[in-house]
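The values are calculated or read from the model by the stated rules, or taken from the named source; none is laboratory data. Keep in mind the model is a prediction, meaning the values are calculated, not measured. Here the Cβ positions follow ideal geometry from the backbone for every residue, glycine too, while neighbour counts run over all protein chains shown. These area figures cover heavy atoms from the full protein model, side chains too; ligands, DNA and RNA do not enter into them. Shrake-Rupley method; radii C 1.70, N 1.55, O 1.52, S 1.80 Å.
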Amino acid sequence: MTVETARRKPTQARARERVERILAAATDIVSETGSEPMRMSEIAERAGVPIGSLYQYFPDKAAILRTLAIRVMERVRQGLVAGFAEIRSAEDAIARVDASLTDYYRLFLEEPVVRDIWSGTQSDKALQELDIEDSRENARIFFAALKHLVARRDQARLEAASFLLMQLTGAAVRLAIAVDRKEGDRLMKEYRALMRRELESLLQAQG
């Protein structure tokens, strides 16, 4: 899948620093006012770069938001790799999954940029595709970490469930942040319980 983000990849240190200033400026603006009213000219002014330079790297505002989304995805994926390393038992697996769910929800609660970016999945087809591919990648990490706890005959089920659970987790968290905090907390508590029951069902064959 090809998703348009940066128009030109910076190779020199000065160019990379300019791109980082652009992304930092966009992040600050989204935090303050949201992405909807944000303009390319505003980003360029905040970053201290000529508008022409901005367009050299990013064709439009959507490309900047997708770049920020990819960075969030990479950050979450690194957390999954670290969090699911060397799982030794079903109980350990369930505890770590619950912790990762808590961390993911907290990320959305504490960082307005993350909330804003993912609200765009409803209208941005490219971001929807990116979100699905991200779920696939995270599912591969999840499956690789847990497959040794599942009987061979059940590994196909675990693989399918991994993808489904990763995608549903994103949907559950986005729903939780769309409602008031008290209801969102209740929804996430119930989702974590559902996840626990599903994992117990998948892992019980190996005990």
Legend entry - Percent carbon-and-sulfur accessible area, the stretch 45-96, ignoring ligands, DNA and RNA, probe 1.4 Å: 53 percent
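Which of rounded, prolate or oblate describes the stretch 105-207 when judged by the alpha-carbon gyration tensor and an a/c cut-off of 1.5? Write out the running numbers ahead of the final one.
Details: a/c = 2.96, a/b = 1.57, b/c = 1.89.
It comes out oblate by the Cα gyration axes.
Over the residues of the stretch 10-79, compute the C-alpha Rg and express it relative to 2.2 N^0.38 Å.
1.09
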Inset, instruction - Enter the Cα centre distance for the pair the stretch 77-102 and the stretch 130-171, rounded to the nearest angstrom. - result: 13 Å
Legend entry - Options 57, 123, 146, ranked by Cα towards positive dipole end of the stretch 54-207, top entry (Cβ charges): 146
Inset, instruction - Pairs of Cα atoms under 8 Å, at least six residues apart: use those to get the relative contact order of the chain, whole percent. - result: 21 percent
Inset, instruction - Compute the accessible area per residue over the chain, keeping the other protein chains in place, probe 1.4 Å, unit Å². - result: 55 Å²
Inset, instruction - Output the DSSP H helices from the chain with an along-axis C-alpha extent of no less than 18 Å and a mean Kyte-Doolittle hydropathy no less than -1.0. - result: 13-33, 61-83, 90-110, 125-146, 155-178
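Summing -39500 (n - 2.57) over the DSSP H runs of n ≥ 4 in the chain and dividing by its residue number, what mean residue ellipticity at 222 nm do you reach, to the nearest 500 deg cm²/dmol? Before the final figure, lay out each step's value.
Working: 9 runs with 157 residues, N = 207.
Using -39500 (n - 2.57) per qualifying helix, the result is -25500 deg cm²/dmol.
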Inset, instruction - Mind putting a number on the dipole of the stretch 31-105 about its Cα centre? Charges go on the C-beta only, +1 for Lys and Arg and -1 for Asp and Glu, and I need it in Debye to the nearest 20. - result: 260 debye
Legend entry - In range of the label at residue 147: residues from the stretch 167-197 whose backbone nitrogen is under 12 Å from the point 7 Å along Cα→Cβ: none
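Place a +1 charge on the Cβ of each Lys and Arg in the chain and a -1 charge on the Cβ of each Asp and Glu, then give the dipole magnitude about the Cα centre in debye, rounded to the nearest 20. Show your work: numbers first, answer last.
Working: 33 positive and 32 negative charges, 97 e Å.
Computed about the Cα centre, the dipole is about 460 debye.
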Inset, instruction - Specify which labelled value, from (i) 135; (ii) 173; (iii) 124, agrees with volume of the Cα convex hull per residue in Å³ derived from the coordinates of the model shown. - result: (iii)
